[in-house]
Amino acid sequence: MKKFGFLLFIIFLVFSSKLQAQINSVLSSGTWYKFAITETGIYELKGSDLENAGITLQGLDPQKIQLYGTSGGMLPQPNLADRPIDLEELAIKIIGGEDGDFSSTDKIVFWGEGSDKVYFDETDKVFSYENNLFSDTSYYFLNVNSEVGKRIEPNPPIAGNYPIVNTYLSYFIHELDNINILKSGRFWFGEKFDINLDQTFATDLTKWVPGSDLKLRSAVMASSFAQSSFSVSVNSLSAGTHQLSAIPDSRYTIKGTEDTKLFTVALPTSNTENIEINYTYSKQNGAGYLNYFLAQIEKNATLESGFLALTIPKQNDLVSTLNVSVSSASTELWDVNSFNEVKKINSAVSSNLLTANINTDTTAHLVVVDINANFLVPNFIAPVANQNLHNYLNTDLLIITSPIFIEQALELKNHKLSQGISTRIALTYQVYNEFSSGRKDITALRDFAKYLFDYAGLKHLLLFGKGTYDYKNLEQKNNSFVPIYESRNSLSPLYTYGSDDYLGFLEDDEGEWAENLQGDHTIDIGVGRLPVKSVDDAIAVVEKIKKYHSNSTIGNWRKKVYFVAENGDFNIHQRDAERLATLIDTIYSAFDPQKIYIDAYPIEALPGGTKAPLVNEAILKTFETGALIINYTGHGNEEQWAKSNVFNKEMIEGLDNDTFYPLIVTATCEFGRHDDANQISAGEELVVKPEAGAIGLITTSRPVFASSNYKLNLAFYSSVLATESGIYKTLGQIFGETKNNSLLGPNNRNFSLLADPSLRLAYPQKFIKLDSLNGNALSSKDSISALEHVVFTGSLRGSSGEVLSDYDGAIQINFYDKPTVKKTRGNFGAPFTYNDRDNKLFSGSSTVKNGQFTFQFVTPLDISYQVMEGKISMYSVATDSIDANGANVNIKIGGTNANPSIDTTPPVIDVFMEDTTFVNEDLVSANSLLIARFYDENGINLSKSQIGHNITYSLDGGDPVSLNDFFQYDLDSYQSGIVLFPLQNIVPGNHLLTLKAWDTFNNPTETDITFNVANEQEVFISEVSVFPNPSPNEAYFTFKHNLSGNDLNVTLKILNRSGQVVHTKEIEYSNASSTINDISWNGRNSSGQKLAEGLYIYSITVRSVSSGASNSFFGRLITIN
């Protein structure tokens, strides 16, 4: 037992020392300079080069020169694969400096590896090649005067005589990245064979061993609707043929067929020519593309100048004697098998022949170096400021961004810190510096996230900047700021994708991410992206995030979830939306599902396609009045929803929902694509639109399937409205759970979170519970019948279910009858039957005191008499702007009260126009406000179940218009209430308005008023805004009009919920500008007294002094104290 305990102690010490070693990056101290190279080879930095970089040579100790970097190639995707956790020091050679000084002619010599990676297969004795997707440049970091640096040390000499090796393998690679066929995925293709079908490519390969073979690894692609082929030749010698099958002629099928082959060509004995590779394409209804080729020959080992890199394949003998022809006695042989542990091999030069014994039990990678020669010179980039991302401990939210957006990222960080969220910022180049030696690589971002996940408790990662498939800016759009993971599949529209999920695969056995069901890794942190592409975009999204949870956004929109669903496809989209809405209405009933089913509206068939203008009106109204979530299911693209041109970019441009920012969820194709270098999608526009649009999207970036859409949607709604210990989850947590619970191979990865992952939606913060009905504790057996007078009590609750005894405020209550069965129109197919909980029986409000409330009403006679569950939906705001929501869906409603009271008295109605000072025959504006006050002992009938019993108005004998949805009882009353309804574009002349209503006992009443609208010059008022709204103090009004240059009289009136004018302000304008923006209201009445917080109506009337023409605009304003 003691031995076991001691062993655990040793393991702990080892682990602790390892962790300790990772806390600081080497870049955290010292003086650093960054240099760049673009190819593999021997490099030198002379003292003069250092001086040009701003390094003072005086006092520079040659022993304390250190060089750091990493090997060529991309970082490995699997988390378990070996990789550096920081910059690694390289062994270098200092030439000169023996006097203790580093002069301008002294130099640093080192082996540098370019960004690409070449591998050698010992079995087949052929090279393979990995093109670096992210960068054509490698970087090295020079540190001076800190510590004694690592130097190239000699390998132990090998004595004896061994078989001679005097040849090596040399290669030439050709690859151009000219075109990404789908503008998706990581792979690009080079030369196109369409018009020019015969193309020849020169190489620098020559002087091969006579009679040896050339090996050619060749990769091509054809995008052809018929079978086609490439014929390949080497210096007119046939190498072979690529046969490429045809692709289908269909939108979503694969767009190209690839083929990679290894050809072997016997070379002639004459070796003075350079190798040339020829491709001839047999075109058949399409085009061909060269991907790359790698040509390999065997050459005699001869150093002609500078350095010579040698690849010596594994030999039969464990040790061989290498002979290299050289021209200088100052030539050395280096072992470069390990890029950062270069060793000098013991060698001798005699009669222009370098001889050395080398190990050949495995492939040897060597370089012959003439120490006195001139070598390649790195490009100086810049001094490097000290940085230490490795010390980002205790990080909840990590923001990775471009230097362009640093100011906005800092503002967002400060906002998050004020919310108690531990937040750090890392610039992309800083991550690359520490985790990929300065080289752009998305895996460096993943490795950094994993480091913080393992050691710092990272929970959320925000990518603050757009990322595109064009990693290297080949298309020169300059709009990729934070890279996105692109799939290997670059030719199939259904299986290619760009995804940030990769950055959340942080378990040790994850990362490789095969693009099939076996690659279904789980996301371990919340990963989101804000696809900003300019400073203006960045400012806009940060301001929206800061405003989102402010008191100015309080309102019952926070409990509304809208489902927009397309028709067609055998009603699958509407059926999926209906299932999700039912889930919310039953399991998460505190939230109210609302439905905009496209087939429930008229669809216009036009020559250019179909349109659904009323659907678009309903969607715009949803943005104006607010919604926590808007969910769309159906067809779509980067420009719009649905085939009927629903919610397109033009509509998004016109959005003006500055107070309410919904989360948009789209189960449709490509609407939220955000990695296209050439196009900004509608989804992106919603995120970055200033002072409007959405707070974020869970959206699709590629084509998707309806079946997987529903699976993901179901997982989303099983998480987004659920709480853990009474607390709602962050968007990052929700998105991770959504993805992890709907895994389905590549198709699942087409959904992205375009939002701050640490953000919680604007959920109501507390909970409402009904406690009793008619003095008895609620039970599942409770029921309510028609004409029954009922009294409810309830309470405000905290996250643990405790009563909030310090909660004072008001509560809104809406009591709904059982769902109404409806049927869509069947515009272009079978109609769809669905349920809609739209029959409101009571809509009132009550005072909350010490966390307790009471409300009562008389159930209307007009109910659906089948006994089924109704719904009581509640929303409350406290005096300190804390809000809450709740519902009860267990109380049954149906049948008739056995002993109802007797009521034969109809309601009393008072009707006004514009305000309560109105009298018949008054002159009103063409845009006016209808105000109706109601009183009845048993309340007003709001049920829609019986035709003809609605609250309605009719103008000049026209069709009645229902006002039920605009009725609201007065606070703490079920007997008196009000309707406020805007009447727009009334034609000039005399008018008769008739208003009709019924009480809960079906006693009707009818009232008429008459008014006049002047026949004058038209006045237009537009773009009206109030800021802030809700307003804690001063509210500022801005609007435009069409009387620029006229003398105007502008009147602002504030009306309370009873329609009474509580404040009036008149302002005269001489030679008025087209925009008026200097009107304000301080929340006080005309006597200067502070008004109670709540909802007010404002009217702005613009009148021309010269013509008398006028018009009014009515809006709503909420005040908070």
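Quick note: the coordinates plus some simple rules give every number you see, no bench work behind them. A quick note: this is a predicted structure, and the numbers were derived from the prediction, not measured. Quick reminder, even Gly has a Cβ in these numbers, built from the backbone with ideal geometry, and neighbours come from all protein chains shown.
Annotations for the structure displayed:
- Put a dot 7 Å past the Cα of Lys823, heading toward its Cβ, do the same for Thr904, and the two dots end up 4.1 nm apart.
- Most to least packed among 854-862, 170-178 [average Cβ atoms within 10 Å]: 854-862, 170-178
- Extension gain, Ser328 back to Lys649 (0.36 nm per residue minus Cα-Cα distance, nm): 108.6 nm
- 14 Å cut-off, amide nitrogen to a point 7 angstrom out along Thr1051 Cα→Cβ, residues in the stretch 1013-1033: 1014
- Of the complete DSSP H runs in the chain, those spanning 27 angstrom or more by Cα along the long axis with a mean Kyte-Doolittle score not below -1.0 are 2-22.
- The calculated FRET efficiency for the pair Asp569 and Phe225, based on their C-beta separation and a Förster distance of 30 Å, comes to about 0.60.
- Relative contact order of the chain, pairs being alpha-carbon contacts under 8 Å that are 6 or more residues apart, as %: 7
- Take 689-699, 546-556 and order them by the average number of nearby Cβ atoms within 10 Å per residue, most first; the result is 689-699, 546-556.
- Based on Cα contacts under 8 Å between residues 6+ apart, the stretch 938-1024 shows a relative contact order of 30 percent.
- Potential extension, Glu411-Leu517 segment - 0.36 nm per residue separation minus Cα distance: 34.1 nm
- Selection from Pro210, Asn300, Leu176 lying farthest towards where the dipole of the stretch 167-300 points positive, charges on Cβ: Leu176
- When you count the other C-beta atoms within 10 angstrom of each residue and take the mean per peptide, 889-902, 936-949 line up highest first as 936-949, 889-902.
- Each label was represented as a point 7 Å from its Cα along the Cα-to-Cβ direction; for Glu304 and Gln946 these points are 10.4 nm apart.
- Bridgeable lysines around Lys643 (alpha carbons under 20 Å apart, same-chain partners fewer than 8 residues away excluded): Lys595, Lys611.
- Distances between placed amide hydrogens fall under 5 Å for Ile784 paired with Lys892, Ile893, Gly894, all partners being 5 or more residues away or on another chain.
- Distant-in-sequence amide contacts of Asn839, defined by a placed amide H-H separation under 5 Å and a gap of 5 or more residues or a different chain, comprise Asp817, Thr820.
- Between the amide H of Leu376 and those of Ile42, Glu44, distances stay under 5 Å, these residues lying 5 or more places away or on another chain, with hydrogens modeled in the peptide plane.
- Cα-based shape type of the stretch 964-1121, given that a ≥ b ≥ c are square roots of the gyration tensor eigenvalues and the cut on a/c is 1.5: oblate
- For the chain, the mean residue ellipticity at 222 nm estimated from helices alone is -4000 deg cm²/dmol, where every DSSP H run of n ≥ 4 contributes -39500 (n - 2.57) and the total is divided by all residues, rounded to the nearest 500.
- Taking a point 7 Å out from the Cα of Glu639 in the direction of its Cβ, the residues of the stretch 178-199 whose backbone N falls within less than 20 Å of it are 182-184.
- Förster radius 56 Å - calculated FRET efficiency between Ser1022 and His174, Cβ distance, rounded to 0.05: 0.40
- Each residue, Glu122 and Asp965, gets one label point 7 Å from its Cα in the Cβ direction; the gap between the two is 7.5 nm.
- In order through the stretch 644-658: 3J(HN,Hα) via Karplus (6.51 cos²θ - 1.76 cosθ + 1.60), integer Hz, x for Gly, Pro: 8, 6, 9, 6, 9, 4, 4, 5, 4, 4, x, 4, 9, 9, 5
- Each of Tyr139, Tyr292 has some number of other Cβ atoms within 10 Å of its Cβ, and from fewest to most they run Tyr292, Tyr139.
- All lysines inside 21 Å of Lys261 as judged from Cα atoms, apart from same-chain residues fewer than 8 positions distant: Lys117, Lys125, Lys192, Lys215, Lys283
- In sequence order, the stretch 84-94 has phi-based couplings of x, 9, 6, 4, 10, 7, 9, 7, 10, 10, 9 Hz under the Karplus curve 6.51 cos²θ - 1.76 cosθ + 1.60, θ = phi - 60°, and Gly or Pro positions carry x.
- Prolate/oblate/rounded label for the stretch 167-300 (Cα gyration tensor, a/c 1.5): prolate
- The calculated FRET efficiency for Thr896 paired with Arg488, based on their beta-carbon distance and R0 = 60 Å, is about 0.30.
- Charge dipole (debye, nearest 20) of the chain; +1 at Cβ of Lys and Arg, -1 at Cβ of Asp and Glu: 1560
- Computed extension length for Asn835-Thr31: 282.4 nm, one decimal, from 0.36 nm per residue of separation with the Cα-Cα distance subtracted.
- Dipole of the chain, positive direction: furthest Cα of Ile523, Asn235, Asn1046, with charges on the beta-carbon: Ile523
- Relative contact order for the stretch 995-1121: 28 percent, from Cα pairs under 8 Å spaced at least 6 residues apart, divided by residue count.
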